[in-house]
Amino acid sequence: MMLTVTGLSAGYDAIDVLHSVDITAEQGEITVLLGANGSGKTTMFKTISGLIRPTAGEIEFNGKPITRRPASAIVGAGIAHSPEGRHLFPKMSVEKNLVLGGYTRRKNRSRQRELLNQVFELFPILHEKRHDPSGSLSGGQQQMVAIGRALTADPRLLILDEPSMGLAPLVVKQVLEAVVEINRTGIGVLLAEQNATQALRIAHRGYVLAEGRVVLSGSADDLLHDSDVRAAYLGM
Ligand code: ATP
């Protein structure tokens, strides 16, 4: 077991958005979180990453409690978060945006270089454009920078919040293929995705959130064939 979230409640200004949520994410798997807008996916990710303090519950990573630890310590423990909306520095070069992820986790220069090269191997277009301002890239390429920046933190678990938001179907496919590649290198992935069918096809397991509660969970294959999920999220 890699990530275990138990009885997690969290929200904003003393109003809980998540209500006693239990989820786990296994080492080496892609775990997908489905749910309508406002169901609490982003809130869950921010709470796991230490950006929001939970009002109840426990979060364990590789057997160690990380609940209420500062965000920097959680990155240090091996969890990197690529946020919804990318949040790049548009005037800074692609390469500078990428290495920013590495600053959050102490490591030597040669390891930093190695991680950057791995990102360039995964996304060759970013190597080609490494000196260009990130704001000049296409939406899909900017998403690659946002994922790559999280990877330079050398994570064991990568949290991706809606990486395909606003992207054309072909680009969505490329981004999800990259997620599979990343997972093949042994990095666990926790993914929120609006493209539920495509996400379930690449995932191992999934959870459906509604109004801050887990309403369904199971293997990705079971969810893909579940009539409630098909009706509510897969448009079938
Ligand atoms: P989306 O796909 O729209 O990001 P989500 O499933 O990620 O949806 P959250 O962003 O976690 O959902 O939002 C859950 C609830 O928390 C919503 O009702 C939202 O209005 C509320 N919320 C989100 N951010 C804040 C905030 N900064 N302050 C107060 N309430 C917020």
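The values are calculated or read from the model by the stated rules, or taken from the named source; none is laboratory data. Every value quoted in this text rests on a predicted model; they were computed, and no experiment measured them. So basically every Cβ, Gly included, is an ideal-geometry build from the backbone, and we count neighbours across all protein chains shown. To get the accessible areas, we keep the full protein, side chains included, count just its heavy atoms, and leave off ligands, DNA and RNA. Shrake-Rupley method; radii C 1.70, N 1.55, O 1.52, S 1.80 Å.
Which whole-number percent gives the relative contact order of segment 1-76, counting Cα pairs below 8 Å spaced six or more residues apart?
36
Measure nothing fancy, just the Cα-based angle from helix 94-103's long axis to the longest principal axis of the chain, in degrees from 0 to 90, nearest 10.
The two axes meet at around 60 degrees.
Ignoring ligands, DNA and RNA, what accessible area per residue does the chain give at 1.4 Å, in Å²?
Values: 11070 Å² over 236 residues.
For the chain, the per-residue accessible area is 47 Å².
What is the Cα centroid distance between segment 184-204 and segment 107-133, reported in whole angstrom?
Going from one Cα centre to the other spans 23 Å.
List the lysines whose alpha-carbon lies under 28 Å from that of residue 173, not counting same-chain residues fewer than 8 positions away?
41, 46, 91, 96, 129
At a 1.4 Å probe, what is the % contribution of carbon and sulfur to the accessible area of the chain?
50
Based on the alpha-carbon gyration tensor of the chain, what equivalent-ellipsoid semi-axes (square roots of 5 times the eigenvalues) come out, in whole Å, largest first?
The equivalent ellipsoid of the chain has semi-axes of 27, 21, 16 Å.
Would you calculate the volume per residue, in Å³, of the smallest convex hull containing every Cα atom of segment 99-236?
125
Note the angle between two axes, namely the Cα long axis of helix 169-184 and the longest principal axis of the Cα atoms of the chain, as a number of degrees from 0 to 90, rounded to the nearest 10.
Around 90 degrees separate the two axes.
For the pair residue 56/residue 219, report the inter-label distance in nm, with labels modelled 7 Å from Cα in the Cβ direction.
Between residue 56 and residue 219, the simple spin-label model gives 3.3 nm.
Which angle between 0 and 90 degrees, to the nearest 10, do you get for helix 139-151 versus the longest principal axis of the chain when only C-alpha atoms count?
In the chain, helix 139-151 runs at an angle near 90 degrees to the longest axis.
Quick one: of the DSSP bridges fully inside segment 103-236, what percent are antiparallel, nearest 5?
Approximately 55 percent, going by the DSSP bridge assignments.
Among residues other than residue 138 whose Cβ falls under 14 Å from its Cβ, what is the net charge (Lys/Arg +1, Asp/Glu -1)?
Charge balance near residue 138 sits at 0.
Let me check the size of segment 1-102 from its C-alpha atoms; what are the radius of gyration and Dmax in Å?
Rg and Dmax of segment 1-102, Cα atoms, are 14.5, 42 Å.
How much accessible surface area, in Å² rounded to 10, belongs to the heavy atoms of residue 138 with a 1.4 Å probe?
The accessible area of residue 138 comes to roughly 60 Å².
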